[in-house]
Amino acid sequence: MFKKIPVFLLLLMCATPSFALNKGAIEQKLNIDIKTISPTPIKGILEVITEDKNIFYIDSTGKYLLVGNIIDADKRINLTGEKLAKIRTVDFKSLPLNNAVKTGRGAKKMAVFHDPDCPYCRDLHRELKKLKGVEIYNFLFDKPELHPKAYLKAKKIYCAEDPVKALDMAMSGNELTGFSDCATNKVDENRSLSKRLGINGTPFIILENGSTIRGFVPVKVIEKAIDNK
């Protein structure tokens, strides 16, 4: 499941009036990697996009941090949501599909990043069985701070004679007793890939058109997103 917003983003920062508002100063102050800092339609408020593709806001003095959405009330547009959708777009063709367990059949494609011990991933895996006409590429990796046994379980799935069967078993909550791991690097490679893509929680869906969906959603939402090319 997705992590809660880091505590430092929920606190008002105690800064001196001489705080120099620039990328390096903010990175040092908050101990994060920043991609861009840019103005917003709100005077004195700047948008900060982090390297892991999250957005927060900071005032021009560097004293206050704001977490949430900026809404254009006149146009009824979620400006933050639109920006997140844009920066989180992924080139589907760039994904190493050979690092995934393929399920489903169809002309359309999608990818899902799973932690096999993530309860929301298990719920989504069951939900996706209702999806018709779509090939699903399941990228398995682990969130060791949450599920310390997931790494070995993911390796066993990749190493199984029938990875689809092993995946179904793991996502049903069954232990993979009798399954062995092997010298595969796929879990480690998927972990690195997830970091590059800014995936900091599971499940995470990437549609063929490059749009992304974070967390568990019903199959009807996914179908609508697939059709909304």
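Here is how the numbers come out for the structure above:
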item	result
So Gly68, is it surrounded by fewer than 17 Cβ atoms within 10 Å (Cβ to Cβ), on the phi > 0 side of the Ramachandran plot, assigned by TED's automatic domain parsing to the domain that holds Lys43 and not in a helix (DSSP H, G or I)	yes
Members of the stretch 212-229 found to be out of contact with any strand residue (DSSP E or B) (no Cβ under 9 Å at 6 or more places or on another chain) and within 11 Å of Tyr120 (Cα to Cα), listed by number	Phe216
Among residues of the stretch 104-136, those that are on the phi > 0 side of the Ramachandran plot and part of a strand (DSSP E or B), counted	0
Scan of the stretch 51-72 for residues that are under 15 Å from Leu30 (Cα atoms) and in contact (Cβ under 8 Å) with a residue 60 or more places away in the chain, ordered by number	Glu51, Asp52, Asn54, Val67
Test: residue in the stretch 88-101 that is over 17 Å from Leu193 (Cβ atoms) and surrounded by 14 or more Cβ atoms within 10 Å (Cβ to Cβ)	no
Filter result for the condition that a residue is basic (Lys, Arg) and farther than 21 Å from Lys93 by Cβ, over Arg196, Arg126	Arg126
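The values are calculated or read from the model by the stated rules, or taken from the named source; none is laboratory data. Bear in mind that the values here come from a model prediction, so they are computed numbers and not experimental data. Cβ sites come from the backbone with ideal geometry, for glycine too, and all protein chains shown count toward neighbours.
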